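The values are calculated or read from the model by the stated rules, or taken from the named source; none is laboratory data. No experiment lies behind these values; they were computed from the predicted model shown. With ideal geometry, Cβ positions are generated from the backbone for all residues, glycine too; neighbour counts draw on all protein chains shown. Heads up: the accessible areas ignore ligands, DNA and RNA and are worked out on the full protein's heavy atoms, side chains in. Shrake-Rupley method; radii C 1.70, N 1.55, O 1.52, S 1.80 Å.
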Amino acid sequence: GGATEFRLARVERGNVTSVVSASGTLNAVTTVLVGSQISGQIKELLVDFNSVVKSGQLLARIDPETYAIRVRQAEADLEAARTALLQRQSDTAAQRSQLLRARLAWDDAKRELERKESLVQKAFISPAERDKAAFAEQTAAETIRTVEAQVKSADAQVANATAVVKQREAALAAARNELDKTRITAPVDGVVISRQIDAGQTVAASL
């Protein structure tokens, strides 16, 4: 029932802005807790609050001296085990060579016994000579059995020394792994939002 009214305004170019208001605490989308897998004293602390870090970046270093000593000890133990293995292998080779000589001696003793047996049948020598040859053949056969037992023992020692080498290799790998863990690195890209330690502080595993 009223008259139409118009509002006049200047035509201007501008931006349309949408504003949203909210209240509360800001939280990161992903929060990663970085801890130590070993115990020791923090020697270096390379980042602080609000530091931007990349995945794999060194954050802190635990004093590595104790773990480096363990690595050197494990290396020495491994070297000793390898030396012992070489010695056992050398002993086994010597025993096998002795076994070969014992078998050759037994073959010779058997041939000698056969000759003496033939000569006794022809009455060319006395039975005592044949008995001597028989005793020598039995002795040679017994020597073979003895040396075979020694070879088996040497083989067992080689197997044991081989196992010891594997144990020492595993111990060295574990020691090196612990030494590597003295370097605390960033698992992801991000920003440091909290720090619980200072340089010189002693930390326990998983702290």
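When we screen S36, S21 for residues that are closer than 26 Å to N177 by Cα and either part of a strand (DSSP E or B) or of a type outside the set (A, V, I, L, M) (or both), the only hit is S36.
Consider A159 carefully, then state whether it is surrounded by fewer than 15 Cβ atoms within 10 Å (Cβ to Cβ), part of a loop (DSSP other than H, G, I, E, B) and of a type in the set (A, V, I, L, M, F, W, C). Break it down into steps so the answer makes sense when it comes.
Numbers: surrounded by fewer than 15 Cβ atoms within 10 Å (Cβ to Cβ): yes; part of a loop (DSSP other than H, G, I, E, B): no; of a type in the set (A, V, I, L, M, F, W, C): yes.
No; evaluated as a whole, the condition is false for this residue.
Condition check ((1) out of contact with any helix residue (DSSP H, G or I) (no Cβ under 7 Å at 6 or more places or on another chain); (2) without any contact (Cβ under 8 Å) to a residue 40 or more places away in the chain; (3) not in a helix (DSSP H, G or I)) across all residues:
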| residue | (1), (2), (3) |
| --- | --- |
| Q41 | yes, no, yes |
| I69 | yes, yes, no |
| A84 | no, no, no |
| R96 | no, no, no |
| R103 | no, no, no |
| E129 | no, yes, no |
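Hey, any hits in region 63-81 for a residue that's among the acidic types (D, E), on the phi < 0 side of the Ramachandran plot and open to solvent by 80 Å² or more (accessible area, probe 1.4 Å)? Yes, region 63-81 contains a residue that is among the acidic types (D, E), on the phi < 0 side of the Ramachandran plot and open to solvent by 80 Å² or more (accessible area, probe 1.4 Å).
Does D77 meet the test of being part of a helix (DSSP H, G or I) and over 40 Å from the mean Cα position of the chain (by Cα)? Against the criterion (part of a helix (DSSP H, G or I) and over 40 Å from the mean Cα position of the chain (by Cα)), D77 does not qualify. Scanning region 159-184 for residues that are touching a residue at least 40 places away in the same chain (Cβ under 8 Å), under 19 Å from V71 (Cβ atoms) and polar (S, T, N, Q) yields Q167, T182. Checked against the criterion of being touching an Asp or Glu at 6+ places or on another chain (Cβ under 7 Å), farther than 30 Å from V151 by Cα and either of a type in the set (A, V, I, L, M, F, W, C) or modelled with pLDDT of 90 or more (or both), region 77-96 has no qualifying residue.
Tell me, please, whether a residue that is in a loop (DSSP other than H, G, I, E, B) and either touching a Phe, Trp or Tyr at 6+ places or on another chain (Cβ under 6 Å) or closer than 20 Å to S194 by Cβ (or both) can be found in region 1-18. Taking every residue of region 1-18 in turn, none turns out to be in a loop (DSSP other than H, G, I, E, B) and either touching a Phe, Trp or Tyr at 6+ places or on another chain (Cβ under 6 Å) or closer than 20 Å to S194 by Cβ (or both). Filtering region 174-196 to residues that are assigned to a helix (DSSP H, G or I) and open to solvent by 60 Å² or more (accessible area, probe 1.4 Å) leaves R176, N177, E178, D180.
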